[in-house]
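Scroll down for the structure; my scribbles are underneath it.
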Amino acid sequence: MKLTSLALSLGLIAASAFSAAAETWKLAVTDVEGMERLQIEWGPFKDALETATGDSFEFFAVNSRTAAAEALRAETVDFVVSGPAEYVVINKLTKATPLIGLGRPDYHCAIIVRADSGINVPADLKGKKVAFGDIGSTSNMLCPLQVLADHGLDPVNDIEKTHTSRNIAHEALKAGDVDALGSNAGSWLNVRNKETALPYGFFKMIARSGDLPNDMIMVGAHVPSEAADQIKTAILENKAAVIAGIVAHEENDKYVGMDLVAIEDSAYDYVRSMYSNAGYPQFDNFIGD
């Protein structure tokens, strides 16, 4: 009887210690609005995180990038899935840091023109009209502007900028209403590949960036470093299951073929340069908000 009681007591102590060790964290995704979408599109990822880490994760819905930053600053959210452009501002405002990089395949941008335009290099776009995607987007605005700067243009003063959706920009370029478009290269190719009436050589890319810094899971400055490191290790040790959780929903198809990698803040200095060349050298506000 004493041995049974002792075993029971030890079991209870062990269970108590396990419960004390497990944490509950709040998790946000910057480009997903509403709890329902979070559950549907990122629920499998949350489940995989919980299995990998032994901790619990609860979704925290945010309706904007600014809301994500405010939640990190208020310590009401602990981890945020975000893109490079959002991270640079959030880091400046809250001191949140990268935890895990979401390595997207073929994540780069390009400058595209009509092949019959007479425009052959970025310098030929001086004084021309160039269409970009969402204001503040890493690959659809900031990166193309940086590519122009890398080729000697002042993207603030040397071109006429317009912002619209990728499909509308593509149609405008096709019709000659704009002289070029700056876009996520892979996303534009998806639009181009749906064209059946145009010859393959109707468009041409005159410049492209190198591969862009990764999307990420960032961690709030208030989260103890030991806990963050344990979560990072658990994710990397179970990356196949975590990746499967991310790509389980078709809204996350851009991550198909991805890898999960350890990253450092310095990897995002190129994005800080993008902000500066776009005319926002302080990178302490979200462009377009």
Considering residues that are in a loop (DSSP other than H, G, I, E, B) and not small (Gly, Ala, Ser), the number found within region 202-227 is 7
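Scanning for something open to solvent by 40 Å² or more (accessible area, probe 1.4 Å) and among the acidic types (Asp, Glu), does region 78-97 turn up at least one residue?
Among the residues of region 78-97, not one is open to solvent by 40 Å² or more (accessible area, probe 1.4 Å) and among the acidic types (Asp, Glu), which makes the answer no.
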Criterion (within 25 Å of Gly136 (Cα to Cα), free of Cβ contacts under 8 Å to residues at least 24 places away in the same chain and aliphatic (A, V, I, L, M)) met by exactly one of Leu260, Leu189: Leu189
Evaluate the following for Arg208: is it out of contact with any Phe, Trp or Tyr (no Cβ under 8 Å at 6 or more places or on another chain), at pLDDT 90 or above, closer than 18 Å to Thr138 by Cα and of a type outside the set (S, T, N, Q)? yes
Going by what's in this entry, would Asp124 be described as touching a strand residue (DSSP E or B) at 6+ places or on another chain (Cβ under 9 Å), of a type outside the set (Phe, Trp, Tyr), assigned to a helix (DSSP H, G or I) and open to solvent by 20 Å² or more (accessible area, probe 1.4 Å)? yes
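Yes/no per residue for (1) surrounded by 20 or more Cβ atoms within 10 Å (Cβ to Cβ); (2) in contact with a helix residue (DSSP H, G or I) (Cβ under 7 Å, 6 or more places away or on another chain); (3) in contact (Cβ under 8 Å) with a residue 60 or more places away in the chain:
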position	(1), (2), (3)
Ile159	yes, yes, no
Ser165	no, no, no
Val178	yes, yes, no
Glu195	no, no, no
Phe202	no, no, yes
Gly220	yes, yes, yes
Thr233	no, no, no
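Which residue is modelled with the highest pLDDT, if the candidates are limited to region 1-55 and must be among the basic types (Lys, Arg) and open to solvent by 40 Å² or more (accessible area, probe 1.4 Å)? Write out each step before concluding.
Step one: of region 1-55, the residues among the basic types (Lys, Arg) are 2, 26, 37, 46.
Add one more test, that the residue is open to solvent by 40 Å² or more (accessible area, probe 1.4 Å), and what stays is 2, 26, 37.
Details: Lys2: 45, Lys26: 98, Arg37: 94.
So, considering only residues that are among the basic types (Lys, Arg) and open to solvent by 40 Å² or more (accessible area, probe 1.4 Å), the one modelled with the highest pLDDT is Lys26.
The values are calculated or read from the model by the stated rules, or taken from the named source; none is laboratory data. Because the structure is a prediction, the values reported are computed rather than measured. Ideal geometry is used to build each Cβ from the backbone, glycine not excepted, and the neighbour counts take in all protein chains shown. Note: areas computed on protein heavy atoms with side chains; ligands, DNA, RNA excluded. Shrake-Rupley method; radii C 1.70, N 1.55, O 1.52, S 1.80 Å.
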